[in-house]
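Every number in this text was worked out from the coordinates using simple rules, so none of it is lab data. In this text the structure is predicted, and so the values were computed from the model without any measurement. Glycine also receives a Cβ, built like all others from the backbone with ideal geometry; neighbour counts cover every protein chain displayed.
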Amino acid sequence: MLKVNQNYLKLPGSYLFSDIAKKVKGYKEEHQGEEVISLGIGDVTRPLTPTIVKALHEAVDDMADIERFHGYGPDLGYAFLREKIAEFDFKRRGCEICADEIFVSDGAKSDSGNIQEIFAETCSIAVSDPVYPVYVDSNVMAGRTGTYDPASTRWSDVVYMPCTKDNDFVPDLPSKTPDIIYICSPNNPTGIALTRDQLQTFVDYAIKNKSVILFDAAYEAYISEENVPHSIYECEGARECAIEMRSFSKNAGFTGVRLGYTVVPKNLVDAEGKSLYALWARRHGTKFNGASYIQQRAGEAVYTAEGQKEIEGLVSYYMENARTIRDGLTKAGFTVCGGVNAPYIWLKTPESMTSWEFFDYLLHNSQVVGTPGSGFGPSGEGYFRLTSFGSHENTRKAVERIVALK
C-alpha cells in the first residue's frame, strides 16, 4: 500500500516565507493601489555587476560554439572556479583548504538542507535559536527531531542554543552533547556574528565531544569587524570537526543565478573513521549534475580584480541601508541589534506584541513587510527581522513609516 513519508506530515504549516507571501498577496488584493515596501525576505534587489554580466554572455557564446561547448561538468565543479575559491576565500585568510575539498552547487540553501543526508537518522542535532529554518525543517523530514509541541514551538529531540538579549544573542554551548551542531555566522536572522574566540570555543567543544559543526557562512562578505572570522577554518582544529557552506547569492547578487559551494575536509571522519568527504562526494555525484558551466563562469568572474571591486560596492550599498534602518529605529526608541556584520536588523517588537501581531500591524498601518521572529525558532518570539536588501529610497521610506507609527 502506497504511503507518504510520515516525517513530512510533522512539519507545522507552510514554509515561513510562503506564509508571508500569502499574507502580502491577500493584503495587496484588498488594497489595490497602495505601495507595499518589503524589508522581509532576504532577496537582493541590485542588478548583476558588469563584470559578471560580461562573463555570463561570454559563457553563453561558448555554449553556441562547437569548440567551446560544455556538457556535463565535473562532479565537484570546474577547476577554474574551485581553484579561485580555494585561493581567495581560504588560503588568503590562512586556511588550509584545497580546491578538491570544495563542492560547487546551486546554492547554500540546497546544501544546508541536503548535507544531513550523510548522517545517521539517530544523530542528534543542536541549533542556534533563532536561526535559518531550513536546518530544523530538513531534519524533521529526515526523522531526527522527535515530536513538535505547538505551545512551546519546540521539537522534543532538538537541542536548542538560545540566542537572547541575556547572552547578547550569542549561543552558549549546547546543554546536551549533540552529534551535529548548526552554526550560522553572521547569524540569520539576528545579524550577530561570533568573534574568533567565541567560534574557537565551539570548535574546541566539537573536537572534545566528537561532534560535527555545520557552519553556514552565507553572509561572510558583510563582516566589518576584524575580530570576526570569515571562515570557521580560521579556527585551530576546525578541519577535524567542521563542514562549511557558502553562497554567491548575497555577496554577488546570485539569488536568481544560483551558485554556492560546500567545503568538506578530507580528514573529517565519523566515530568509526568513515570519511565524510567520501560520503558527500557519493551523494553529490548521485543526486546532483552540477551547477551549469554558465553559472560557474559567472562565479569565476567574482574573483577578478574588477569583480571584487564591484561586489564590494554591492555589499556597501546594502550595508548603508542597514545603517539607515538601525540608526533610524534606534533614534526612535526601538530596541535593535545587528546591521554591523550582516544585512539584517533584529527588532524587539513594541508593546509586548507577538511577532505575527507586529507583522500584521506593520503591514496594515505602514504597508511595510518584515519577517516574524517566531518563524526562526522559539527564542525568536517577540522579535522581528528587517533586511537591508532594498533600494536606498524604499529603505528610507520604510523607516520613516515605521518611525511614524512609534
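Bridging of residue 287 to aspartates and glutamates at a Cα separation below 17 Å is possible for 75, 106, 111, 117, once same-chain residues fewer than 8 apart are set aside. Within the shell defined by Cβ-Cβ distances under 13 Å, the residues around residue 124 carry a net charge of 0, with Lys and Arg each +1 and Asp and Glu each -1. Straight Cα distances below 30 angstrom link residue 397 to the lysines 22, 23, 25, 28, 165, 250, 309, 331, 348, 406, with same-chain residues fewer than 8 positions distant left out. For the stretch 234-265, GluC sites (Glu not before Pro) meeting the loop criterion (DSSP other than H, G, I, E, B) and having at most 12 other Cβ atoms within 10 Å: 236.
Among the trypsin sites (Lys or Arg not before Pro) in the stretch 237-346, those located in a DSSP loop and surrounded by at most 16 other Cβ atoms within 10 Å of their own Cβ are 266, 274. What does the charge count near residue 253 come to, summing +1 for each Lys or Arg and -1 for each Asp or Glu among other residues with Cβ under 12 Å from its Cβ? Residues close to residue 253 contribute a combined charge of +1.
Distance between the modelled labels on residue 282 and residue 209, one decimal in nanometres: 2.8 nm (7 Å Cα→Cβ projection). When the charge dipole of the stretch 1-86 is built from unit charges on Cβ atoms (+1 for Lys and Arg, -1 for Asp and Glu) and taken about the Cα centre, the candidate among 51, 86, 16 whose Cα reaches farthest toward its positive end is 16. The trypsin sites (Lys or Arg not before Pro) of the stretch 1-72 meeting both criteria, a DSSP state outside H, G, I, E and B (loop) and at most 11 other C-beta atoms within 10 angstrom of the site's C-beta, are 3. A cut-off under 14 angstrom between Cβ atoms defines the neighbours of residue 276, and their net charge, with Lys, Arg +1 and Asp, Glu -1, is -2. Per the Debye formula on identical point scatterers at the alpha carbon atoms of the chain, with no solvent, log10 I(q)/I(0) at q = 0.08 Å⁻¹ is -0.43.
Placing a label point 7 Å from the Cα of residue 121 along the Cα-to-Cβ line, the residues of the stretch 127-146 whose backbone N sits under 18 Å from it are 137-146. Look at 83, 300, 121 and count the other Cβ atoms within 10 Å of each Cβ; fewest to most, that gives 121, 83, 300. Structure remark: mean-square fluctuation, Gaussian network model of the chain, C-alpha springs under 10 Å; the largest value among 172, 106, 65 belongs to 65. Take every Cα pair under 8 Å whose residues are at least 6 apart in sequence, average their separation, divide by the length of the chain, and the relative contact order is 23 percent.
Projecting the Cα atoms of 138, 7, 162 onto the dipole axis of the chain, where Lys and Arg carry +1 and Asp and Glu carry -1 at the beta carbon, places 7 farthest toward the positive end.
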